[in-house]
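First comes the structure, then the notes that go with it.
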Amino acid sequence: GVDQQVYYRHELMTAHGTIDGVDVSGFMHQDYAYGPRGKVYAELPIALALQGMWVSWMHEYSDGEVGGGCFWQGRDGLDFGPGYQLKDGVTTAHNNFVAKPTFNDGGRMVALDTSVGDDTYSFAFDTSGSFVHFFGRLVESSSGRQPSRSWCWVEYAGGMMTPEILRLVMEPYRLARGL
């Protein structure tokens with residue numbers, strides 16, 4: 001139901017390295033959006049018409065098994081829940097992710113209950129990267145296993161990032177690009 005072709009690619013990764021002589025490791029994600037020539041992500045249908053919430057997560061168990069996923073939720077009232085799940089070494093695509101966030105009195109996300117098919121995941125958040133970005137960890141899942149470490153990233157602005165606001169924010173960049 002969108003008027004332009006758009007493609008999206010997302011990758012979850014583990015990262016290992018050394019910082020000032022100290023071995024470090026963690027999780028990260030990288031994403032790519034492809035659309036019509038001359039458009040940036042905030043001008044594509046995903047951001048303008050579909051996305052209400054974007055979630056990425058990874059978890060690792062003590063035996064080294066890694067799991068996670070990435071998915072979207074539609075804007076208020078829009079049934080849109082595509083994504084993928086990495087479970088038992090297999091990545092599967094789904095169109096039925098459901099996310100139910102919990103907010104504190106200050107409007108910050110503090111928890112997120114997620115389901116896809118028969119699988120459930122519960123996340124707790126304790127850090128914000130901005131007023132729309134939240135970082136947390138997996139605290140419970142239907143597998144019953146507790147991860148040795150985990151990471152979850154959510155982008156959610158409620159009803160604040162409307163198409164009109166995104167277009168307004170992008171206007172100076174359109175001018176700079178000669179559009």
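The values are calculated or read from the model by the stated rules, or taken from the named source; none is laboratory data. This structure is a prediction, so every number in the text was calculated from the model and none was measured. Positions of Cβ are generated from backbone atoms using ideal geometry, with glycine treated the same way; all protein chains shown enter the neighbour counts. SASA here: full protein model, heavy atoms, side chains in, ligands and nucleic acids out. Shrake-Rupley method; radii C 1.70, N 1.55, O 1.52, S 1.80 Å.
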Item to check | Subset of segment 29-41 that is touching a residue at least 40 places away in the same chain (Cβ under 8 Å) and either among the aromatic types (F, W, Y) or under 20 Å from A176 (Cα atoms) (or both) - its residue that is surrounded by the fewest Cβ atoms within 10 Å (Cβ to Cβ) | outcome: G38
Checklist entry - So which of L78, L44, L50 ends up being within 27 Å of L168 (Cβ to Cβ), open to solvent by less than 50 Å² (accessible area, probe 1.4 Å) and more than 16 Å from the chain's Cα centre (by Cα)? => result L44
Checklist entry - Would a scan of segment 44-60 turn up a residue that is farther than 20 Å from Y156 by Cβ and free of Cβ contacts under 8 Å to residues at least 24 places away in the same chain? => result no
Checklist entry - Given (1) within 25 Å of Y41 (Cα to Cα); (2) open to solvent by less than 30 Å² (accessible area, probe 1.4 Å); (3) under 18 Å from the mean Cα position of the chain (by Cα), where does L138 come up short, assuming only one miss? => result (1)
Checklist entry - Within segment 147-179, which residues are more than 13 Å from A42 (Cα to Cα), without any contact (Cβ under 8 Å) to a residue 60 or more places away in the chain and either among the aliphatic types (A, V, I, L, M) or open to solvent by 90 Å² or more (accessible area, probe 1.4 Å) (or both)? => result A157, M160, L175, A176
Next on the checklist: Could you check segment 60-69 and list, in sequence order, the residues that are assigned to a strand (DSSP E or B) and open to solvent by 10 Å² or more (accessible area, probe 1.4 Å)?
Outcome noted: E60, V66
